[in-house]
Amino acid sequence: MFFSLRSFRDILHSVITAAGVIQKRIRQFIYFYRYNYDMLQHPFVSAILPAYNGATYLTEAIESVLHQTYSEIELIVVNDGSTDDSAKIIQSYPGIIYIQQSNQGVPFARNAGVEVAQGEFLCFIDQDDVWLPEKTRLQVDAHKRNPDIGYSITTQVFYLSSGVERPGWCPEEWLDRPIAGFSPSTLMIKRTLFNEMKQFDTNFPVGSDTDLFFRLKDNRVPFYQLQQILVRKRVHLTNQSATQVLLRRDIMETVRRSIQRQRSQIKES
């Protein structure tokens, strides 16, 4: 079979074009593989800190996140209508994602942070708490070793702020000893699971975190508890835990809802 010079050029052009497309697809595959491998080995974590008139302790909380040994992490601070120097403190850290909103309460602020978060995993820290440097890395490692878990918590320790007497709401046996950390500051949760749980329930101004843990329990979500103390919870006179009337009301309602969910599960089984 004979080809004209023009036909030969057309065939050669088609071959070169096809080779270029194949080469492009190979590069895309390599990039996709490397990206997903990196995400598997070093998943991105979003830390969310709600702040309201927390200038006294805010710097220490922020820096405990910024000084984590795990580098694939972003910090989102939601200023929930503070009237003190909280905004000035937050904005002095250029790497922080800053959100300003009118005062709506902690669950609204946490959910607002989640809305802009880019992480595969979500963490939360209260404005008066402190993370130890290894917290994020050890929790990420726990999730990598246990891919079926939906969330993890760490052990925590309560300590009195300098110059403060122990408030009545804090039993003496809580102080300076390891306690299982069913609190937002110890939590690392998969973003997909958090969305399935419908975020923090804003009907609970003080107990939204307790409600979330009850819903995780009632849905039998597998979790992992790290035995290391990786969160220090400061006890002082203005802790939200001190709002005892609201806290008792919220906890009673979360327990009632939990019982209802369990009864519904029994009827369906």
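For the reader, a short list of remarks on this structure follows.
- With contacts taken as Cα pairs under 8 Å at a separation of at least 6 residues, region 126-197 carries a relative contact order of 37 percent.
- Normalising the average separation of contacting C-alpha pairs (under 8 angstrom, six or more residues apart) by the number of residues puts the relative contact order of region 88-247 at 35 percent.
- Residues in region 53-70 that a label on GLN91 would reach, taking backbone N under 18 Å of a point 7 Å out along Cα→Cβ: 53-56, 58-59
- Going by neighbour counts of Cβ atoms within 10 Å, the residues TRP131, TRP174, TRP169 line up, fewest first, as TRP169, TRP174, TRP131.
- Environment charge of VAL116, counting only residues whose C-beta is closer than 13 Å and scoring Lys/Arg +1, Asp/Glu -1: 0
- Rounded Å value of the spacing that divides the Cα centres of region 192-226 and region 73-99: 25 Å
- Taking a Cβ cut-off of under 13 Å around GLN199, the surrounding Lys, Arg, Asp and Glu residues balance to a net charge of -1, with basic ones at +1 and acidic ones at -1.
- Sorted from greatest to least, the principal axis extents spanned by the alpha carbons of region 113-253 come out as 43, 33, 28 Å.
- Neighbours of ILE99 by Cβ distance under 13 Å: Lys/Arg scored +1, Asp/Glu scored -1, total -2.
The numbers here are math on the coordinates, done by the rules we state, and not lab data. Note that the structure is a prediction, hence the values are computed from the model and not measured. Cβ atoms come from the backbone with ideal geometry, glycine included; neighbour counts cover every protein chain shown.
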